[in-house]
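Asks: There's a structure below that I have some questions on.
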Amino acid sequence: SDFCLFPADIISTVEFNYSGELLATGDKGGRVVIFQHEQESKNRPHLRGEYNVYSTFQSHEPEFDYLKSLEIEEKINKIRWLPQQNAAHFLLSTNDKTIKLWKISERDKRAEGYNLKDEDGRLRDPFRITSLRVPVLMPMDLMVEASPRRIFANAHTYHINSISVNSDHETYLSADDLRINLWHLEITDRSFNIVDIKPANMEELTEVITAAECHPHQCNVFVYSSSKGTIRLCDMRAAALCDRHSKFFEEPEDPSSRSFFSEIISSISDVKFSHSGRYMMTRDYLSVKVWDLNMENRPVETYQVHEYLRSKLCSLYENDCIFDKFECYSYWFFAIMTGSYNNFFRMFDRNTRRDITLEASRESSKPRATLKPRKVSTGGKRKKDEISVDSLDFNKKILHTAWHPKDNVIAVAATNNLYIFQDKIN
């Protein structure tokens, strides 16, 4: 069954690298698993290459903050790849407090024929060495090594929710509930605090930072979203501390639809720029919105993800599901993907305005199985192939998804299972 017996195996983040050749997942147990795209085989042309495990390593361990008497979870909150510069790959992974830069490299040769030691590694008696040998490189089985190159610690008082690599490929942002820091990838002992929304008196706290992302082309521009449903765009050229934003995106609330839950469901859980940097999309509890950076007063498009849950907000509040943080992804901004409950995920085509609900399940994950559209009935007579809103399983949720940067291939994390779907090939 899809129920997870081992909480440490629950996938907490999914990310393709820049080429799409590698796919990294992080889990609640602090592990990072990297999958590699296998090249197509002539014998099985219908498989456009599968993803197989390439490397697994323990990125973070549980820690204890003795000053605050707090346990620091090992759970991986975010993974971000760096653009590839040489044969090795680099990625940033973070838990609640510490960000690490990992190098993933391959070894398929080893040196043999040392002068001072035997093949088994024991030191030789120097007096018995009568000739000089030149060591040679011999082929060996491929080994993939993951080694930590930098550890960026002690800069966040609150839990880190986002990391984002800048377009200069030298710096990156890390954001927690109240602050955003700017780091240089080579410097671990200091970072610059560029946003600080912590009030002098914590009782006056009205909002927290929920996500942050760098602009894809302008290394001085970034955005961050808040629990009040607003997005602020900041320019680091204007001031060293970006507490005063350059742009403020907010949709005016419809007074007729206001309820006790309005503020909770308007909280933004994810923000992403389009490839061009002209648009951005945000995900709140019930919808995905597309914003034009030149228009701050309302989104240009709104897509309802699971509007049928509006009548169920009371029970979703009681079981804490209303606080779930869903991510959103796009394919060159033509199509948008985001998760829902019951292992459903939603796809929206921006050109045709068509949308579809699909399910990530064991049945649909058989090779070459075609995903069938699912429909949720909201009352009245239920059709044969529909599922009632009352029978949705809220423990099965798709919070984390990723889209291949170049191909129509998606990765969907459903609890402790990773599903990879691709375009149908005729």
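Asks: Test of understanding: in a Gaussian network model of the chain with alpha carbons linked when under 10 Å, which of Ser259, Ser147, Ser377 would top the mean-square fluctuation ranking?
Replies: Ser259
Asks: Here's a follow-up. Provide the per residue accessible area, probe 1.4 Å, for the chain, rounded to a whole number of square angstrom. Show your work: numbers first, answer last.
Replies: Details: 23090 Å² over 426 residues.
Ligands and nucleic acids excluded, the figure is 54 Å² per residue.
Asks: Choose one answer from Glu318, Glu170, Glu112: the residue with the largest mean-square fluctuation in a GNM of the chain with alpha-carbon springs under 10 Å.
Replies: Glu112
Asks: Students often get this wrong, so try it: which of (1) 93, 59, 42; (2) 74, 51, 47; (3) 67, 62, 57 is Cα extents along the principal axes in Å as calculated from the structure shown?
Replies: (1)
Asks: Now for a separate question. Running a GNM on the chain with Cα contacts under 10 Å, which residue among Ser364, Ser162, Ser311 ends up with the highest mean-square fluctuation?
Replies: Per the Cα network of the chain with a 10 Å cutoff, Ser311 tops the list.
Asks: A further question on this structure: Looking at region 356-386, which trypsin sites (Lys or Arg not before Pro) are DSSP coil and have at most 11 other C-beta atoms within 10 Å of their C-beta? Intermediate results must be reported in sequence, preceding the final value.
Replies: On the way: sites: Arg362, Arg368, Arg374, Lys375, Lys381, Arg382, Lys383, Lys384; in loops: Arg362, Arg368, Arg374, Lys381, Arg382, Lys383, Lys384.
Of the trypsin sites (Lys or Arg not before Pro), the ones in loops of region 356-386 whose Cβ has at most 11 other Cβ atoms within 10 Å are Arg368, Lys381, Lys383, Lys384.
Asks: Between Asn115 and Asp407, what length in nm is gained on full extension when 0.36 nm per residue of separation is reduced by their alpha carbon distance?
Replies: Net length gain for the segment: 100.1 nm.
Asks: Loop-only chymotrypsin sites (Phe, Trp or Tyr not before Pro) in region 320-392, please: DSSP not H, G, I, E or B, and at most 14 other Cβ atoms within 10 Å.
Replies: Numbers: sites: Phe323, Phe326, Tyr329, Tyr331, Trp332, Phe333, Phe334, Tyr341, Phe344, Phe345, Phe348; in loops: Phe326, Trp332, Phe333, Phe334.
Loop-located and lightly packed - Trp332, Phe334.
Asks: How high is the relative contact order of the chain, in percent, counting Cα pairs under 8 Å that sit 6 or more residues apart?
Replies: On the way: 981 pairs, mean separation 43.9, N = 426.
For the chain, the relative contact order is 10 percent.
Asks: Still on this structure, I have one more. Relative contact order of region 174-222, please, whole-number percent, based on alpha carbon pairs below 8 angstrom and at least 6 residues apart.
Replies: On the way: 53 pairs, mean separation 16.4, N = 49.
In percent, rounded to a whole number, it is 34.
Asks: Now for a different question. In straight Cα distance, which lysines are under 21 Å from Lys384, not counting same-chain residues fewer than 8 positions off?
Replies: Lys372, Lys375
Asks: So, one more: Return the carbon/sulfur percentage of the accessible area of the chain, one whole number, probe 1.4 Å, all protein chains in place.
Replies: Values: 11490 of 23090 Å².
Exposed carbon and sulfur together represent 50 percent of the surface.
Asks: With a cut-off of at most 11 other beta carbons within 10 Å, and DSSP calling the residue loop, which chymotrypsin sites (Phe, Trp or Tyr not before Pro) in region 179-248 qualify? Please list them. It would help to have the intermediate numbers written out before the result.
Replies: Numbers: sites: Trp183, Phe192, Phe222, Tyr224, Phe248; in loops: none.
Counting only loop positions with at most 11 other Cβ atoms within 10 Å, none of the chymotrypsin sites (Phe, Trp or Tyr not before Pro) in region 179-248 qualifies.
Asks: Would you mind calculating the gained length between Arg122 and Asp320 on full extension (0.36 nm times residue separation, minus the Cα-Cα distance), in nm to one decimal?
Replies: Details: separation 198, 0.36 × 198 = 71.28 nm, distance 5.98 nm.
Roughly 65.3 nm would be gained on extension.
Asks: Sticking with this structure for a sec: Over region 267-422, what relative contact order in percent results from Cα pairs under 8 Å that are six or more residues apart? Let's see the in-between values first.
Replies: Numbers: 301 pairs, mean separation 25.3, N = 156.
Rounded, it is 16 percent for region 267-422.
Asks: For region 1-160: lysine pairs with Cα atoms under 19 Å, gap of 8 or more or different chains, count?
Replies: Taking region 1-160 as the scope, the lysine pair count is 11.
The values are calculated or read from the model by the stated rules, or taken from the named source; none is laboratory data. Please read all numbers here as calculations on a predicted model, not as lab measurements. In this analysis, Cβ positions are derived from the backbone assuming ideal geometry, glycine residues included, and neighbour counts consider all displayed protein chains. These area figures cover heavy atoms from the full protein model, side chains too; ligands, DNA and RNA do not enter into them. Shrake-Rupley method; radii C 1.70, N 1.55, O 1.52, S 1.80 Å.
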